[in-house]
Amino acid sequence: MQYSISDAAKMAGVSTRTLRHYDEIGLLAPAAVAANGYRWYGRDELRRLQRILLLREMDVPLPEIGAILAGSEDETAALRRHLALVLAERDRLDQIATTINRTIADLEGHRRLPDVDFFRGLHQTRDSLAATLHERFGEEAVRALQHGISCMEGWARSDHDEMATTGDELYGRLSRARRAGVAPASSQALELVAEHYEAVQAVWPVDPATYYDIGDLIETDVDQRAIVESVDPALPAWLGTAIKHFATHRLGLAP
């Protein structure tokens, strides 16, 4: 049985113009063309059209589909190559989506913390942070942090929510200050860092030397840097410098 171009297009869910185009580029010729120019399609043509549409559904370009159907290119190899391109494009779009989300959060002036185990920029997981602190600052720093965390375990949900909101708001102001060109060693920056210092002290009493090292931690530790970068990609270096300057000029740490 043969079908007119209109019937074939209707069954396949495409336009007659698409079928004419496939014919023009040599991808799908009709079984017969009547004297009046009407195109007719048989079962073999419909089966070939089905394969074309399946490959198009996977965004395989028409020239590659032609090569696959002609047998000049291995279908599996072509699909693997196309998959690599699709995955690369997905990663690119994910990066764009992340950038858009960061921009929205910055414009709205707030960002919700995913966790409140520790102040924004100084937590990833308790075990990961404890291991980092032990390596960088020694056992005493880990004990101080664990003491702060144990004190927080008695907090109500509202206490955690308040801390998260405060952290979001502060990091938003830090980011906006950096974007506005405020120097990390300026008095304006140090006033903001003073709030950061007080928040850190609330859960982890640190001495000036350790707070100075926190600035370095934010810049160099992969996990901590990534957390601050989620607020503002350029913030870790700016904040790290500001924290170190605060430790030496406001806390009296000898350079």
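The criterion of at least 1 residues that are under 30 Å from the mean Cα position of the chain (by Cα) and at pLDDT 95 or above is met by the following helices (runs of 4 or more DSSP H) wholly inside region 180-255: 187-203, 235-249.
Condition first: aliphatic (A, V, I, L, M) and assigned to a strand (DSSP E or B). Now tell me which residues in region 18-43 satisfy that. Matches in region 18-43: A32, V33.
Filter region 26-48 down to the residues that are closer than 13 Å to L62 by Cβ and either surrounded by 12 or more Cβ atoms within 10 Å (Cβ to Cβ) or at pLDDT 95 or above (or both) and list them by number.
The first filter runs over region 26-48 and keeps only residues closer than 13 Å to L62 by Cβ, leaving 26-28.
Selection gives L27, L28.
Cβ-Cβ distances below 6 Å connect the following pairs, each with a first residue in region 175-204 that is surrounded by 17 or more Cβ atoms within 10 Å (Cβ to Cβ), a second residue that is among the hydrophobic types (A, V, I, L, M, F, W, C) and in a loop (DSSP other than H, G, I, E, B), and a separation of six or more residues or different chains: S175/V231; A189/V182; A199/F119; V200/F119.
The values are calculated or read from the model by the stated rules, or taken from the named source; none is laboratory data. Bear in mind that the values here come from a model prediction, so they are computed numbers and not experimental data. Because the Cβ atoms are built from the backbone with ideal geometry, glycine has one as well, and the counts that use them run over all protein chains shown.
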